[in-house]
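Supplied in C-alpha cells, the structure appears directly below.
Every number here is computed from the coordinates shown, using simple stated rules; none is lab data. Bear in mind that the values here come from a model prediction, so they are computed numbers and not experimental data. Neighbour counts run over all protein chains shown; Cβ positions are idealised from the backbone, glycine included.
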Amino acid sequence: MAKVSIQPLGDRVLVKQVEEKEQIKGGIIIPDAAKEKSQEATVVALGTGKLDENGKKSAFEVKVGDKVLIAKYGGTEVKCGEEKFTLLREDDILAILK
C-alpha cells in the first residue's frame with residue numbers, strides 16, 4: 001500500500017476497508033450502489049493520541065497493519081487520490097482480527 005498523505009489527529013484512526021468480492025446470486029449482479037460497506041478494514045495510520053484528564057497521551061490498542069472490524073456506520077469516508085479511506089475514532093473499532 002502506498003504512503004498516505006493524511007495524518008489523523010487525537011484518537012482517530014485511518015483505515016482502508018477491504019473490498020468485498022462481487023457476488024452473483026441466481027444470475028443477478030448486485031450493483032455497487034446496493035452493496036453494503038465491508039466492516040473489515042486495515043489500519044493505515046494512527047492519530048496523535050487521546051489525552052486523559054492528567055494530560056498524558058493514551059496508547060492505541062491497534063497498530064498500523066492490523067486487520068480490524070469497524071462499526072457499520074462509524075467514521076467519515078475520505079478520498080486521497082483515487083483511494084477511499086475511512087477516518088474514525090478508535091472507539092469505533094470493534095475488534096482486532098487475528
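Given labels modelled 7 Å from the Cα in the Cβ direction, how far is it in nm from residue 97 to residue 53?
So the label points at residue 97 and residue 53 sit 3.7 nm apart.
Taking the highest mean first, how do the peptides 4-13, 46-55, 69-78, 86-95 order by number of other beta carbon atoms within 10 angstrom per residue?
Listed from highest to lowest mean packing, they are 86-95, 4-13, 69-78, 46-55.
A further question on this structure: Report, in listed order, any pair from 56/79; 16/50; 3/50; 37/67; 37/57 with a Cα-Cα distance greater than 26 Å.
56/79; 37/57
Let's test the formula: R0 of 41 Å, r as the Cβ-Cβ distance of residue 89 and residue 28. What FRET efficiency results, to the nearest 0.05?
Taking R0 as 41 Å, the efficiency between residue 89 and residue 28 is 0.65.
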